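Working notes, structure below.
The values are calculated or read from the model by the stated rules, or taken from the named source; none is laboratory data. None of the values given here were measured: they were computed from a predicted structure. Don't worry about glycine lacking a Cβ; one is built from the backbone with ideal geometry, like all the others, and counts go over all protein chains shown. Ligands, DNA and RNA are excluded from the accessible area calculation, which covers all protein heavy atoms including side chains. Shrake-Rupley method; radii C 1.70, N 1.55, O 1.52, S 1.80 Å.
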Amino acid sequence: MCGIGTATNCVYGSDGKGSQIHPNEDGHLRFRGEDGCFLYGVFNGYDGSRVASFASQCLTAELLLGQLNSSHSDSDVRRILTQAFDVVEKSYFETIDDALAEKANLSNYLLPHNELSSQGQKVQERLKELELEVSGGATAVVALILNDKLYIASVGTNRALLCKSSSDGQNQVLQIGRPHNTENEEELQRLAALGVDSARVRQAGLISGQSSTRRLGDYRVKFNYNDIDLLSAAKGKPVISEPEIHGVQSLENVTGFLLLMSEGLINALESAHGPEQANQIVAMVAAELALQNSLEAVAQSVVERIKRLHHDVYVSGRQRATFCSRHEDMTLLIRTLDYPLAEGGTPTNPSGRIYPVSVPYSNSLSTSKTSVMLSLVMPSQNTLTNGTNTASTLEEGTPTPGQSPTATLQSTNTQTQSSSSSSGDGSLFRQRGSQAAQPDETGRVPPYVDFTQFYRLWGSDHSEGGGLGPHPSEGNPTLTCCFSPGRIRGEHETDLK
């Protein structure tokens with residue numbers, strides 16, 4: 001019922017190649033307890049993976065060793081969740097107490113002694129080691145399912161999405177909670193009540209290097225916040241670990257899926273698509289659920305798709321390329337709720353069957369020519385709705401209000417002899433010279449798409465009926481495909497007109 005997809009952080013060079021900056025710092029948990037209790041979590045670590053790793057292990061012990069049972073009321077569950085987060089953070093700080101004490105002792109030693117002496121240099125080296133040992137924190141989003149009710153506990157900037165499918169095939173998306181960051185009005189009011197200048201916080205955008213106003217760990221902002229200029233006026237602890245509990249969402253008779261997303265995944269999507277566009281991930285998940293019979297494969301495929309999209313925007317040189325020079329670790333957890341998976345790789349959900357077609361390609365910067373294999377998706381009438389927006393379940397771009405399902409071309413195997421073919425700038429379907437531009441005597445553009453493989457597979461799937469188009473034995477069909485310039489997306493994806 002659950003799958004995890006991950007990708008490590010990456011920074012792109014001038015040649016478009018990526019390299020990892022640091023080890024993966026994210027963490028996650030997925031457990032089934034007694035009495036029909038399920039626990040899931042995604043943790044976004046920073047400055048190391050220690051806090052994310054510790055929280056993912058300790059939180060499980062604080063919740064699933066008899067603390068929760070079906071007799072608990074909603075208020076009981078909220079109390080237990082809040083207490084668990086508090087215990088986890090206190091337990092973490094206990095593990096670094098000795099290191100913090102040694103760090104304080106060595107720092108005091110350096111004050112009256114020469115830092116340039118051999119002994120002083122050894123002390124400095126040890127201080128650096130201790131700082132690496134004790135620094136770091138994590139944000140968290142945790143989902144608890146008990147008595148067919150969903151509770152979401154969040155600290156920081158991760159996200160939970162609940163997608164409900166109705167009987168008519170519509171998908172309703174609900175974002176549960178808002179991020180605790182320097183743009184959250186309620187969080188700014190909480191800081192202002194403590195004496196912090198909220199206007200300065202909003203303008204700075206970061207508190208000790210992070211946008212989150214709630215986080216686990218990070219001793220610097222928990223114990224030494226008065227030494228931080230932005231927080232120096234605070235009368236109490238400004239950055240807290242107390243979770244915001246959202247609920248209760250009844251899951252009785254609900255068909256759909258739950259998504260838990262790390263901050264790195266959200267930022268990668270919004271860097272490529274624009275602000276407030278991360279929830280379009282639901283369309284990608286629905287598409288992959290229709291194609292694959294493993295939730296692990298579904299989650300990983302969606303993460304890889306986002307990773308490719310982010311990279312393609314960067315190398316395209318388009319307006320949003322400047323926002324996509326790097327991305328942090330990405331984690332996606334998918335929990336289905338009576339949602340059908342594909343059987344044997346064949347879609348059971350209404351996203352459509354995929355058939356290949358071959359399109360000749362010539363780069364505008366080169367005379368070399370080759371074929372690009374694309375897949376023609378034949379969707380049914382089911383669509384994804386998010387508020388008033390409607391979009392094809394395979395659409396990666398921003399939805400258009402009222403848009404109906406369309407046949408979508410997805411790149412599955414791109415083989416070109418020029419690196420610019422993956423730039424996502426529309427070069428795949430550029431004008432291919434005077435030959436392609438000249439219409440015949442009827443005013444039609446000569447056909448150039450080979451549908452042979454498409455009809456062969458279509459015929460095998462529709463052998464009892466008349467099928468679509470001529471039989472493969474009749475040769476290549478004379479169909480003309482025109483591609484709308486402006487609809488081309490990353491990974492050479494475009495609408496078939």
Open item on the list: Give me the residue from the stretch 55-67 that is of a type outside the set (Ser, Thr, Tyr) and buried (at least 23 other Cβ atoms within 10 Å of the Cβ) and, out of that set, nearest to LEU150 (Cα to Cα).
Closed with: LEU63
Open item on the list: Checking ASP197 against (1) over 22 Å from TYR46 (Cβ atoms); (2) within 32 Å of the chain's Cα centre (by Cα); (3) of a type in the set (D, E, K, R), only one condition comes out false. Which one?
Closed with: (2)
- [ ] Quick one: which residue in SER118, SER91, SER167 is surrounded by fewer than 16 Cβ atoms within 10 Å (Cβ to Cβ), of a type in the set (Ser, Thr, Tyr), in contact with a helix residue (DSSP H, G or I) (Cβ under 6 Å, 6 or more places away or on another chain) and over 25 Å from ASN184 (Cβ atoms)?
- [x] SER91
Open item on the list: If the requirement is being open to solvent by less than 30 Å² (accessible area, probe 1.4 Å) and without any contact (Cβ under 8 Å) to a residue 24 or more places away in the chain, which of these qualifies: LEU110, LEU150?
Closed with: LEU110
TODO: Give just the number: which of (1) hydroxyl-bearing (Ser, Thr, Tyr); (2) in contact with a Leu (Cβ under 9 Å, 6 or more places away or on another chain); (3) open to solvent by less than 30 Å² (accessible area, probe 1.4 Å) does SER198 not satisfy?
DONE: (3)
Open item on the list: Residues that are closer than 25 Å to SER56 by Cα, among the aromatic types (Phe, Trp, Tyr) and open to solvent by 60 Å² or more (accessible area, probe 1.4 Å): does the stretch 214-230 have at least one?
Closed with: yes
TODO: Could you list, in sequence order, all residues of the stretch 175-195 that are at pLDDT 95 or above, outside any loop (DSSP other than H, G, I, E, B) and buried (at least 17 other Cβ atoms within 10 Å of the Cβ)?
DONE: ASN181, GLU187, LEU188, ARG190, LEU191
- [ ] Count, please, the residues in the stretch 1-31 that happen to be open to solvent by 20 Å² or more (accessible area, probe 1.4 Å) and not charged (D, E, K, R).
- [x] 17
Open item on the list: Considering only residues that are in a loop (DSSP other than H, G, I, E, B), open to solvent by 40 Å² or more (accessible area, probe 1.4 Å) and closer than 18 Å to ILE152 by Cβ, which ones fall in the stretch 231-276?
Closed with: GLU242, GLU252
Task: Selected residue (only one of SER165, SER250 is at pLDDT below 95, in contact with an Asp or Glu (Cβ under 8 Å, 6 or more places away or on another chain) and among the hydroxyl-bearing types (Ser, Thr, Tyr)) - done: SER250
Task: Breaking point among (1) over 17 Å from GLU328 (Cα atoms); (2) at pLDDT below 95; (3) buried (at least 17 other Cβ atoms within 10 Å of the Cβ), for SER71 - done: (3)
- [ ] Tell me which of these PHE85 doesn't satisfy, since it passes every other one: (1) open to solvent by 10 Å² or more (accessible area, probe 1.4 Å); (2) under 18 Å from LEU216 (Cα atoms); (3) aromatic (Phe, Trp, Tyr).
- [x] (1)
TODO: Could you check GLN172 against (1) over 22 Å from LEU39 (Cα atoms); (2) modelled with pLDDT of 95 or more; (3) of a type outside the set (A, V, I, L, M); (4) assigned to a strand (DSSP E or B) and say which number it fails?
DONE: (2)
- [ ] Restrict the check to the stretch 32-41 and report whether at least one residue is of a type in the set (Asp, Glu), without any contact (Cβ under 8 Å) to a residue 12 or more places away in the chain and either over 23 Å from SER325 (Cβ atoms) or open to solvent by 10 Å² or more (accessible area, probe 1.4 Å) (or both).
- [x] no
Open item on the list: Considering only the stretch 295-309, I want to know if a residue exists there that is open to solvent by 50 Å² or more (accessible area, probe 1.4 Å), among the polar types (S, T, N, Q) and not in a helix (DSSP H, G or I).
Closed with: no
